[in-house]
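A.B. asks: One structure is given below, represented as structure tokens, and several questions about it will come after.
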Amino acid sequence: MEFKTFVFYFLSAVLLYAAARVVTLRNPVHAALHLVLAFFSASGIWMLLQAEFLAIVLVLVYVGSVTVLFLFVVMMLDIDANRMREGFRKNMPLGLGVASLMIAEMGFVFYSRFSGHVESAARQAGPEYSNVKEIGRLLFTEYAYPFELASVVLLTGVVAAVALTLRGKQKNKSVDPSEQVFVKAGERIRILHMPPEKME
Amino acid sequence: MIFPETRFALPDFQPACAEIFVLFMICLILMTSLFIKEKARGTLHFLAQAALIGAAALTCTASGAGTVKRAFSGMFVADMMADLLKLAIYLTISLTFFYSRAYVAGKLPRARGEYYALTLIATLGMMVVVSAGNFVTLYVGLELLSLPIYALVALERDSSRAAEAAMKYFVLGALASAFMLYGISMIYGATGTLDISAVAEGFSRNRGDRATAVFGLVFLVSGIAFKLGLAPFHMWVPDVYHGAPLSVALLISSAPKIAVFAFAVRVLINGLFPLSQDWRAMLLALVVLSMALGNLAAIAQTNFRRMLAYSSISHMGFMLLGLVSGVIDGNAKNMINAVSASMFYLLTYVLSSAGAFGVLVLLPDPDGDSGEISGLAGLGKRSPVLAATMMTLMFSMAGIPFFAGFFAKFSVLVAVVAAGSFWLAALAVFFSLVGAYYYLRIVKVMYFDPLPDGARNIETPFSMKVLVAANGLAVALLGIFPNALMFLCVKSLSFSVFA
């Protein structure tokens, strides 16, 4: 077995283990940390496929920001893990049955297709080939249209988040400095004219 | 203009000018809603309508009338099918805006700008899907269409029913998107390209890996079935139709179906026609299940919104009968007739569904929003115009002769019989007869059930009365004079998909 193949199987095993633990662990924080492990192994596999830019982006975006966000949410929300697991045992036989059937069918299709294909069919690129440059070129030329549309998807996210969470203007007690400066004494103090009281 | 070092020519923006205009108007509406005074909020409605009218004008002027134009390296296709379906989308969205104007002002006073902006973003998504030439654009367009709708369902923030519907819709919709993406990746793996027409060419030169492509097709078809709300991927439909704010239910029940139909035509007929034997069998199962489940479950409903949801499941099944019966023994001779019958069916259904929800939106508060069928009792006396329109729409949906629905059903059945599947035609007729029961029940409730105590006449603004009547009249007239629309459907398909 070639070293590369060994690395692939090792990373895949770690990935499968971590992914399974994400679903089965009781503690949501541990589950999120296993998710980090899963992302790392996936990025290793991409590195093997010479997609180094995507591998780095996966680590930066998913490990660096998405999982951190997950952890924040998990820690801030009070999730009752036991309530979420209600019906887990009851529905498990059916779920397992369907899942194993699907896996068997998928495996059947793929095994007959790809058994024997160990190495990927993709050409090996030379050392001067730059992933980043090539992706950048494609994104801004051929894929410019879907790329711009993706920005509209982000706009949707912003608008939807504001629409769903903003509850009108807060009534705060801040003051406007210019109004403070131009204030006159008469507006601050009410001068009352009272007839002087006579001494008896 | 050509940049030599990247071998890149600046794309021709003109075919996509309608999309660009709509995006500009979305930004304009967002900015306006930020600065506009509370009293002048009605302007937003006019801006949204202006966006649709402008887009329609641009689509008509940019139309190549029978030619197929590609832009942005084949990502974008402007052909006659895209033009026709886009115009239909503008019309339904515009109807949606008119019907729900007062409803939105009353129910969602804070989020009016967002309502119009998000609906227009969804419209932009539909436009992108309708004229997509590449799987990437199709997928991005579909997301652009679904994401704003998830948010719109949840827009009524104090309603727990709406929150539940939004959550279900979002989770199931995300799952369907993942399915679809997985299927697309398999097809990419099998053919090595994402360009829809290149996928077809790959198969015709025997380069595509068939088994992997069929494997991907399964996921792609389930994704389409989810988005159209076909059984057994229909679980979200009744809950969303019932839980969403009425104006949003009106939106979901109409225009997106047109976009998903275009998706199905582009992917299945343009791209994966070599696999037609396989997707035909998958669609057949979906069609039979949807017609059976939709019609039978609709009988048991006591809520009009849920009833319309099940009826939409059955109608989408019936509509796909055309796609199923287009191919006879691998021969595409019947294809144009069959698919144009489907398209005609879809357009008339969308018009009827928009009208039915439109009447609900115009009903006064407890009756319209809850959508209980008992709330429609005596509508014939309370508001003759609304009741007459609803009756027309129900007759059309039931397929009673000389309404649009009858001709639509008839033309689809002709295609099915031409394909030689008599049992399928018989089954479709049987389930339509079952369906007639619950449509006619609505008419009975409106005209023959006693008025509830203390029921008052319904005050509808004159303009809305005219619009509702026009909608009902259009459905009635399309049944008597279907030729013009049918001609457009046939021409648009023969100049684009089958060019």
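A.B. asks: Which translational diffusion coefficient, to the nearest whole µm²/s, is obtained for the range B:98-238 from the Stokes-Einstein equation, given a Kirkwood hydrodynamic radius over C-alpha pairs, 20 °C and 1.002 mPa s?
C.D. replies: On the way: Rh = 16.7 Å.
The Stokes-Einstein estimate is 128 µm²/s.
A.B. asks: If I take every Cα pair under 8 Å that is 6 or more residues apart in the range B:11-495, average their sequence separation and divide by the length, what percent do I get for the relative contact order? It would help to have the intermediate numbers written out before the result.
C.D. replies: Values: 801 pairs, mean separation 68.9, N = 485.
About 14 percent, as a whole number.
A.B. asks: Could I ask something else about it? Total Å² of accessible surface buried at the A-B contact, 1.4 Å probe, nearest 100? Walk me through the intermediate numbers first.
C.D. replies: Details: alone 17730 and 19230 Å², together 34190 Å².
Adding both sides of the contact gives about 2800 Å².
A.B. asks: Over the range B:1-160, what is the mean sequence separation of C-alpha contacts under 8 Å (at least six apart), divided by residue count, expressed as relative contact order in percent?
C.D. replies: On the way: 186 pairs, mean separation 39.0, N = 160.
Rounded, it is 24 percent for the range B:1-160.
A.B. asks: So, one more: Enter the angle in degrees (range 0 to 90, nearest 10) between the Cα long axis of helix B:276-299 and the first principal axis of the Cα atoms of chain B, meaning the one along which they spread out most.
C.D. replies: 10 degrees
A.B. asks: Regarding the protein assembly as shown, what are the three Cα extents along the principal axes, ordered largest first, in Å?
C.D. replies: For the protein assembly as shown, the Cα extents along the three principal axes come out at 117, 75, 64 Å.
A.B. asks: In whole Å, what are the extents of chain A along the principal axes defined by its C-alpha atoms, from largest to smallest?
C.D. replies: 118, 54, 29
A.B. asks: Please compute the modelled spin-label separation between B:Tyr437 and B:Val171, points set 7 Å along Cα→Cβ, answer in nm with one decimal.
C.D. replies: For the pair B:Val171/B:Tyr437, the computed spacing is 3.3 nm.
A.B. asks: Run the reach check for B:Lys86 against aspartates and glutamates, Cα to Cα strictly under 15 Å, same-chain hits fewer than 8 apart removed. What comes back?
C.D. replies: B:Glu19
A.B. asks: Let me ask you something else. Mind checking the log10 I(q)/I(0) for the range B:393-499 at q = 0.10 Å⁻¹? Debye, one equal scatterer per Cα, no solvent, two decimals.
C.D. replies: Per q value, in the given order, log10 I(q)/I(0) is -0.44.
A.B. asks: For B:Leu44, what is the net charge nearby, where nearby means another residue's Cβ is under 14 Å from its Cβ and Lys, Arg count +1, Asp, Glu -1? Intermediate values should be presented prior to the final figure.
C.D. replies: Details: positive: B:Lys37, B:Lys39, B:Arg41, B:Arg101, B:Arg110, B:Arg112; negative: B:Glu38, B:Glu114.
Once all neighbours under 14 Å are counted, the net charge is +4.
A.B. asks: Can you pull the one-decimal nm distance between simple spin-label points at A:Leu94 and A:Glu134, each 7 Å off the Cα toward Cβ?
C.D. replies: Inter-label distance under the simple model: 4.7 nm.
A.B. asks: I've got another one for you. Taking the Cβ of B:Val385 as the centre, find all other residues whose Cβ is under 14 Å away and add up their charges (Lys, Arg: +1; Asp, Glu: -1).
C.D. replies: Details: positive: B:Lys381, B:Arg382, B:Lys465; negative: B:Glu459.
That works out to +2.
A.B. asks: Using a Förster radius of 56 Å, what is the FRET efficiency between A:Thr24 and B:Cys17 based on their Cβ-Cβ separation? Nearest 0.05, please.
C.D. replies: Values: r = 53 Å, r/R0 = 0.94.
E(calc), rounded to 0.05, equals 0.60.
A.B. asks: Okay, moving on. Solvent-accessible area of B:Ile400, probe 1.4 Å, all protein chains present, reported in Å² to the nearest ten, please.
C.D. replies: About 50 Å², rounded to the nearest 10.
A.B. asks: Tell me which aspartates and glutamates have Cα within less than 14 Å of B:Lys227's Cα, excluding those fewer than 8 residues away on the same chain?
C.D. replies: Within the straight-line limit of under 14 Å, B:Lys227 reaches these aspartates and glutamates: B:Glu143.
A.B. asks: Students often forget the sequence filter, so: which lysines lie under 21 Å Cα-Cα from A:Lys173 once same-chain residues fewer than 8 apart are removed?
C.D. replies: A:Lys184
A.B. asks: Dividing the Cα radius of gyration by the Kirkwood radius, what Rg/Rh value follows for the range A:7-70? It would help to have the intermediate numbers written out before the result.
C.D. replies: On the way: Rg = 11.7 Å, Rh = 11.8 Å.
Radius of gyration relative to Kirkwood radius: 1.00.
A.B. asks: Tell me which chymotrypsin sites (Phe, Trp or Tyr not before Pro) from the range B:354-441 have a DSSP coil assignment and no more than 14 other beta carbons within 10 Å of their own.
C.D. replies: On the way: sites: B:Phe357, B:Phe395, B:Phe402, B:Phe403, B:Phe406, B:Phe407, B:Phe410, B:Phe422, B:Trp423, B:Phe430, B:Phe431, B:Tyr437, B:Tyr438, B:Tyr439; in loops: B:Phe402, B:Phe403.
Those satisfying the criteria are B:Phe402.
A.B. asks: Starting from the Cα gyration tensor of the range B:293-378, multiply each eigenvalue by 5, take the square root, and state the resulting semi-axes largest first in whole Å. Write out the running numbers ahead of the final one.
C.D. replies: Numbers: eigenvalues 234, 39, 8 Å².
After diagonalising the Cα gyration tensor, the semi-axes are 34, 14, 6 Å.
A.B. asks: Could you please state how large a percent of the accessible area of chain B is carbon and sulfur, counting protein chains only and using a 1.4 Å probe? Could the numbers behind the result be given before it?
C.D. replies: Values: 12330 of 17890 Å².
The C+S portion of the solvent-accessible surface of chain B is 69 percent.
A.B. asks: In Å and from the alpha-carbon atoms only, list the Rg and Dmax of chain B.
C.D. replies: Every Cα atom of chain B included, Rg and Dmax give 22.0, 79 Å.
A.B. asks: Give me the 1.4 Å probe accessible area per residue for the range A:1-81, excluding ligands and nucleic acids, in Å². Let's see the in-between values first.
C.D. replies: Working: 5380 Å² over 81 residues.
On a per-residue basis, 66 Å².
A.B. asks: Taking the Cβ of B:Val128 as the center, what net charge do the other residues with Cβ under 10 Å away carry, scoring Lys and Arg +1 and Asp and Glu -1?
C.D. replies: Details: positive: none; negative: B:Glu19, B:Glu143.
Taking every Cβ under 10 Å from that of B:Val128, the sum is -2.
A.B. asks: While we're looking at this one, here's another question. Regarding the range B:343-396, what's the average projected area of the Cα-atom convex hull, expressed in nm²?
C.D. replies: Reported value for the Cα convex hull: 3.7 nm².
A.B. asks: Please tell me the relative contact order of the range B:180-332 in percent, rounded to the nearest whole number, where contacts are Cα pairs under 8 Å and at least six residues apart.
C.D. replies: Working: 181 pairs, mean separation 40.2, N = 153.
Taking the mean separation of contacting Cα pairs over the length of the range B:180-332, I get 26 percent.
The values are calculated or read from the model by the stated rules, or taken from the named source; none is laboratory data. If you're wondering where the values come from, they're calculated on a predicted model, not measured in any experiment. Reconstructed Cβ throughout: ideal geometry from the backbone, glycine too, with neighbour counts over all protein chains shown. Calculation scope for accessible area: heavy atoms of the full protein, side chains included, ligands and nucleic acids excluded. Shrake-Rupley method; radii C 1.70, N 1.55, O 1.52, S 1.80 Å.
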